[in-house]
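Enquirer: Can you read through this structure? Questions will come right after.
The values are calculated or read from the model by the stated rules, or taken from the named source; none is laboratory data. The structure presented is a predicted model; accordingly, all values stated were derived computationally and were not measured. Cβ: placed from backbone, ideal geometry, glycine included. Neighbour counts: every protein chain shown. Protein only, heavy atoms only, side chains kept; ligands, DNA and RNA dropped before computing areas. Shrake-Rupley method; radii C 1.70, N 1.55, O 1.52, S 1.80 Å.
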Amino acid sequence: MADIYNLLQDIYEGMKPTLEKCGFSPLLPDGLGKNEVPLSIDSGRYFLTFAGSGKAVRIEHFNNKIAIYGALKEGEILDSDYSKLTETLFDPAEANEKDVRYVVNDFSDTVIETFGIKGAKAPVKSKLPTPVSKAAVQSGSSSYDPNTLASRFTTIFPELRAEYKANIDKYGQFLPEDFFLNHGNKVVLDTIKQNNPTAMKRMFKLFNEIYDDGTNETQSLICVTILGAVNNDQEMLANCVDYMSPELTGPVINVNKYLGSRDGKGARMKLDNPPPYKPKKKKKKNNPASRIGM
């Protein structure tokens, strides 16, 4: 277990090259030397702050979450000028080298996308779709969609965040089957095989919540595409049963029974070999000349 100071020091060191390229320098709290980590602490919140010409960046850790904020303003930048750019779960009691690397990569990408690199053009990337909030689900105005599942899934398994973003950049939208069949399912199956109680509880807590209040497409994604990959392995299913909600258990067992049967052989082959993605054809605009027979 690393303490939050050492973790933030590693994040600071990892982000320094990107911050410098984007024109930022650390704002040192009073009493700190030039080569020390510019860490401020206020009421349990930990801050790393950087400033450039008419801009500033702040990294904040609080309540087992870490976020990066940005501000664009000439003159003095106040706390109220910052806007949250991105946020992820980050529990010091569980964080490891992979989690630090994920935060460094994700926050560095965010800084480049927001502020650009001096003398270079920032790469054009697709905007990440907004996940459905718990508040929207509780109010009954929305249901969880596949993107919300994947977005939250990659906070549990941050090593897959880059693949999630790459999926959206490649297709211009999120393709859940492509992401889970090629990347997410391996992590899910490894977690089930290892059967570590902490990891299993975290993963199935997400699956249970999203399944209970998800769209039909999302429920099918969880039961068929993801947990159907268990392939009716009875030992692995037994590992899952203690963590699945009653609402999820029945469908998952039935899907696995079907996929493992002779009747489900064709469906199993389709899951293992999904058809290639075909972008929707754009509708051709009517040629004005065609209206008069030309």
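Enquirer: Any idea how many residues of the stretch 165-195 are in contact (Cβ under 8 Å) with a residue 24 or more places away in the chain, of a type outside the set (Phe, Trp, Tyr) and closer than 17 Å to Val230 by Cβ?
Expert: Quick first cut of the stretch 165-195, residues in contact (Cβ under 8 Å) with a residue 24 or more places away in the chain only: 165, 168-169, 171-181, 184-185, 187-189, 192-193, 195.
In the following step, the residues that additionally are of a type outside the set (Phe, Trp, Tyr) were identified as 165, 168-169, 172-173, 175-178, 181, 184-185, 187-189, 192-193, 195.
With closer than 17 Å to Val230 by Cβ added as a condition, the list becomes 177, 181, 184-185, 187-189, 192-193, 195.
Going through the stretch 165-195 one residue at a time, the tally reaches 10.
Quick grid of which residues meet (1) touching a Lys or Arg at 6+ places or on another chain (Cβ under 7 Å); (2) open to solvent by 30 Å² or more (accessible area, probe 1.4 Å); (3) under 22 Å from Pro17 (Cα atoms); (4) at pLDDT below 90:
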site	(1), (2), (3), (4)
Ala56	no, no, yes, no
Asn63	no, yes, no, no
Ala67	yes, no, yes, no
Thr86	no, no, yes, yes
Leu89	yes, yes, no, yes
Glu94	no, yes, no, yes
Lys98	no, yes, yes, yes
Tyr102	yes, no, yes, yes
Asp109	no, yes, yes, yes
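Enquirer: For the stretch 203-221, how many residues are hydrophobic (A, V, I, L, M, F, W, C) and closer than 11 Å to Ala150 by Cβ? Before you say what the answer is, go through the steps one by one.
Expert: From the stretch 203-221, those hydrophobic (A, V, I, L, M, F, W, C) are 203-204, 206-207, 210, 221; that's our starting set.
Now narrow it down to the ones that are closer than 11 Å to Ala150 by Cβ: 206, 210, 221.
Number of matching residues: 3.
Enquirer: Listed residues Tyr12, Tyr5; which is within 16 Å of Val100 (Cα to Cα), open to solvent by less than 60 Å² (accessible area, probe 1.4 Å) and hydroxyl-bearing (Ser, Thr, Tyr)? Walk me through it before giving the result.
Expert: Numbers: Tyr5 fails: open to solvent by less than 60 Å² (accessible area, probe 1.4 Å).
That would be Tyr12, the only listed residue that is within 16 Å of Val100 (Cα to Cα), open to solvent by less than 60 Å² (accessible area, probe 1.4 Å) and hydroxyl-bearing (Ser, Thr, Tyr).
Enquirer: Taking the stated definitions as given, is Leu248 open to solvent by less than 20 Å² (accessible area, probe 1.4 Å), farther than 19 Å from Thr155 by Cβ and at pLDDT 95 or above?
Expert: Details: open to solvent by less than 20 Å² (accessible area, probe 1.4 Å): yes; farther than 19 Å from Thr155 by Cβ: yes; at pLDDT 95 or above: yes.
Yes, satisfied.
Enquirer: Residues that are over 25 Å from the mean Cα position of the chain (by Cα) and under 29 Å from Arg152 (Cα atoms), at least 2 per element: which strands (runs of 3 or more DSSP E) completely within the stretch 1-119 meet that?
Expert: By residue number, 39-42.
Enquirer: For the stretch 158-192, enumerate the residues that are open to solvent by 30 Å² or more (accessible area, probe 1.4 Å) and among the aromatic types (Phe, Trp, Tyr).
Expert: Tyr171
Enquirer: Are there any pairs, at least 6 apart or on different chains, whose C-beta atoms fall under 8 Å, with the first in the stretch 68-79 and more than 11 Å from Thr114 (Cα to Cα) and the second in a strand (DSSP E or B) and polar (S, T, N, Q), and if so, which?
Expert: If the second residue must be in a strand (DSSP E or B) and polar (S, T, N, Q), the pairs left are Ile68/Thr86.
Enquirer: Inspect all residues belonging to the stretch 72-79 and state whether any of them is open to solvent by 20 Å² or more (accessible area, probe 1.4 Å) and within 14 Å of Leu8 (Cα to Cα). If you could, list the steps in order and put the result at the bottom.
Expert: Residues of the stretch 72-79 that are open to solvent by 20 Å² or more (accessible area, probe 1.4 Å), as a first pass: 72-79.
Restricting the remaining residues to those that are within 14 Å of Leu8 (Cα to Cα) gives none.
Checked against the condition, which is being open to solvent by 20 Å² or more (accessible area, probe 1.4 Å) and within 14 Å of Leu8 (Cα to Cα), the stretch 72-79 yields no hits at all.
Enquirer: Could you list, in sequence order, all residues of the stretch 198-245 that are of a type in the set (Gly, Ala, Ser) and open to solvent by less than 20 Å² (accessible area, probe 1.4 Å)? Talk me through it step by step, then tell me what you get.
Expert: First pass over the stretch 198-245, keeping only residues of a type in the set (Gly, Ala, Ser): 199, 214, 220, 228-229, 238, 245.
Of everything in the stretch 198-245, those that are of a type in the set (Gly, Ala, Ser) and open to solvent by less than 20 Å² (accessible area, probe 1.4 Å) turn out to be Gly214, Gly228, Ser245.
Enquirer: For the stretch 15-54, how many residues are on the phi > 0 side of the Ramachandran plot, surrounded by 12 or more Cβ atoms within 10 Å (Cβ to Cβ) and free of Cβ contacts under 8 Å to residues at least 60 places away in the same chain?
Expert: Kept after step one, since they are on the phi > 0 side of the Ramachandran plot, are these residues of the stretch 15-54: 23, 31, 43-44, 54.
Keeping just the survivors that are surrounded by 12 or more Cβ atoms within 10 Å (Cβ to Cβ) gives 23, 54.
From what is left, the residues that are free of Cβ contacts under 8 Å to residues at least 60 places away in the same chain are 54.
So the count comes out to 1.
Enquirer: Report the residue count in the stretch 169-220 for those that are over 18 Å from Pro158 (Cβ atoms), of a type in the set (A, V, I, L, M, F, W, C) and at pLDDT below 95.
Expert: Total meeting the criteria: 2.
Enquirer: Say whether the condition of being open to solvent by 80 Å² or more (accessible area, probe 1.4 Å), part of a loop (DSSP other than H, G, I, E, B) and without any contact (Cβ under 8 Å) to a residue 40 or more places away in the chain is met by at least one residue in the stretch 140-157.
Expert: Step one: list which residues in the stretch 140-157 are open to solvent by 80 Å² or more (accessible area, probe 1.4 Å), which gives 141.
Filter again for part of a loop (DSSP other than H, G, I, E, B), leaving 141.
Remaining after also requiring without any contact (Cβ under 8 Å) to a residue 40 or more places away in the chain: 141.
Yes, that holds for at least one residue.
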